[in-house]
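Right, one structure below, let's go through it.
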Amino acid sequence: MSNHQQSARITRPNFRSVALLTIDVLVYFAVYAFMVIVSKLTVHSTITLQTYIFNSLLTLIILFLSRIVFGTYRNIWRYASYSQYLKMILADFIGGLAALGTTHALRSYDIINGYIGVWQSVSVVVVALIGQIFARLLYQYYRMVQIVPKNASKEPIAIVGAGRVGSMLARELLYSKSSVYYPFCFIDVNARKIGSTIFDVTVWDGMDENLHSRIRAARIKTVVIAMTEPDGDRAKTLYENYKHAGFNVLIYAFQFVNGKIDTSKRQLREFKIEDLLFRNSIKATDRQLMTYYTGKTVMVTGGGGSIGSEICRQIAMLDPKRLIILDIYENNAYEIQQELIRKYGDLLDLRVEIASVRDRDRLDRIFAYYRPDVVFHAAAHKHVPLMEHNGVEAIKNNVLGTYNTADMAEKYGAKKFILISTDKAVNPTNVMGASKRMCEMIVQCRNDSNTSFAAVRFGNVLGSNGSVIPLFRQQIESGGPVTITDKRIIRYFMTIPEASQLVMLAGAAAKRGQLFVLDMGKPVKIIDLAENMIRLMGLEPGRDIEIEEIGLRPGEKLYEELLIKTEELDKTDNDLIFVERDTPLSRAEVDAKIEILKATIATGNSVNCIGIKEAFKAVVPTFKDPDLVNRNAAQAEEMKMVNA
């Protein structure tokens, strides 16, 4: 950046502040002079001109010092809201009291002669303040008028939602010279708002049966959903209502990038599938619990994965003593390492260890060196079809890897060990789900340990590696078909940040051997997901893009078990986190099961997984045959819920 550019950036705010200060001074002195003239003519005041000047200057200095303290002159008044005006009024109220007190004190000590009446002084301050506020409002109106006439070259839009968010959008569009849109009308169902105006923009009745015709008559092609936080059903209903009527539909919401919500700023953007499909994002912001991680050494196994990397991001914000990322896949570990270095630099003590949780000796050395206080165990093979064919690896990585990591956490005095589990562990029908159920048993049986072991169970996460949304998007962009295994299939979904935050909250509150379950909301039909994604990309299912049913994969079931069954769960302080009532096995019983699995992979065929499923059926009593489960799926509570 050149010196000239730097100078421009520095001097512009100063010039604006000086100009505003000059106007305020002129208004103040004009009001004061008027008061003096009126006093002289009507009351024949004996107060000298010198006293008037002294009082006026003293009051002016104190008032403006108060405003400076309140930051009044740092505001950009063309964008000022009522809060800036309230701050200005408060500053003058405090400054006025201080000026009256100071003037009274000076007169008491005979430092000044004569005394300006209290009501005269108050009148000057109040009238001057009204004049200064009026000047600012006039300036705001002038700036808006400068822009509004140019609306002829902009596209009119209808804003659905005449609340805080809709008003924010309208204001942004009205004051932006670069915007291609301008607000023509608001649409709302609140009877008290209908017919009123916001920034001279009228609120139309959202329940009017002729609404679509009115919008078309106004030559409006684009409708923007601008609501505080519409849940998935509400967003979907509004989107489909206006989309099917032929309008282009946008949303004014937080940016959604790779499964992560950036709440720093709202943006006018296209709808994403996450906006339509899911309920409100969970607000997992219990700061008291989250600060549990401050000052602690935290290790995240599988720290380069979807959930693991987000846990690393969340931990990094909480000022840990040290953060250790452990992962066997160096590319993922490198990416999250570089992201955190860019963001925190030397402020974060970050270490990356490339290691496998299957390597017990390597884990021993790492734990002995770092001695973590908290371990999040997210390392696992998670793909159902791949693990059906590679069951040996599911045992080695998921089961034995968890056993190794838990042993090391216990051996080296970790305070907490939190396992990331899955809804597929509930009455599993596949090798991956059964392996994760065994991981839960490993954690639960250690309820006699000095380390607090806990598991957190939840469903699918948006934007995770290998998830269905990127696959569908790729298939649509390639011209189709979009492939789904079965048109009846349903799944639970959650965003990566909310899943990670709830895992951390559960971990902070965890006691020995607990199995936490997260509220995933309502299940979603995968065919609805596919159809919505096709429409979002401006295409029509069945006409532009075919949806092809390819049959259930090995071990796959039509539905995942409903996680939140209140008769089987205990509540926690967080409405979204529950504890399952599950009697843990003893260590000896779990060790016996581990030996069965070890023997199976030692003697069985490591390529075609002969004996793996039988071994899992022997050690996981809830293991079920997927064909039997799918034949009876129509009677399942989960299927009834989504089809209701």
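The string of couplings for the range 522-538 from the Karplus curve (6.51, -1.76, 1.60, θ = phi - 60°) is 8, x, 10, 6, 5, 5, 5, 4, 4, 5, 5, 5, 5, 5, 4, 8, x Hz, one whole number per residue in order, with x for Gly and Pro. Sorted from greatest to least, the principal axis extents spanned by the alpha carbons of the range 301-400 come out as 44, 28, 19 Å. Pairs of Lys residues in the range 374-498 are counted when their Cα atoms are under 28 angstrom apart and they lie 8 or more places apart or on different chains; the count is 20.
Counting only protein heavy atoms and a probe of 1.4 Å, the accessible surface of the range 341-486 is 46% carbon and sulfur.
Less than 5 angstrom separates the built amide H of residue 250 from those of 223, 224, 225, all sequence-distant by 5 or more or on a different chain. Taking 18 Å as the straight-line reach from the Cα of residue 221, the lysines in range (excluding those fewer than 8 positions away in the same chain) are 154, 243. Straight-line cross-link reach from residue 640 at under 15 Å between alpha-carbon atoms covers these aspartates and glutamates, not counting any fewer than eight positions away in the same chain: 560, 561. Amide H contacts under 5 Å for residue 322: 296, 297, 298, restricted to partners 5 or more places along the chain or on a different chain, H placed in the peptide plane at 1.01 Å from N. Scaling the Cα radius of gyration of the range 411-498 by the globular reference 2.2 N^0.38 Å produces a ratio of 1.44. Rounded to the nearest Hz, the phi-derived 3J(HN,Hα) couplings of the range 163-177 under the Karplus curve 6.51 cos²θ - 1.76 cosθ + 1.60 (θ = phi - 60°) are x, 4, 5, x, 5, 4, 5, 4, 4, 4, 5, 5, 8, 9, 6, where x marks glycine and proline.
With K and R counted +1 and D and E -1, the other residues having a Cβ less than 15 Å from that of residue 304 yield a net charge of -3. Over all other residues within a Cβ to Cβ distance under 11 Å of residue 523, the charged ones net out to -2, with Lys and Arg as +1 and Asp and Glu as -1. Remark on residue 155: its backbone amide H falls under 5 Å from those of 181, 182, a criterion applied only to residues 5 or more positions apart or on other chains, H modelled at 1.01 Å from N. Within the shell of other residues whose beta carbon sits under 12 angstrom from the beta carbon of residue 548, the net charge comes to -2, with Lys and Arg scored +1 and Asp and Glu -1.
The values are calculated or read from the model by the stated rules, or taken from the named source; none is laboratory data. These figures come from a predicted structure and were not determined experimentally. Cβ coordinates were reconstructed from backbone atoms using ideal geometry, including for glycine residues, and neighbour counts include every protein chain displayed. For accessibility, only protein heavy atoms count, side chains too; no ligands or nucleic acids. Shrake-Rupley method; radii C 1.70, N 1.55, O 1.52, S 1.80 Å.
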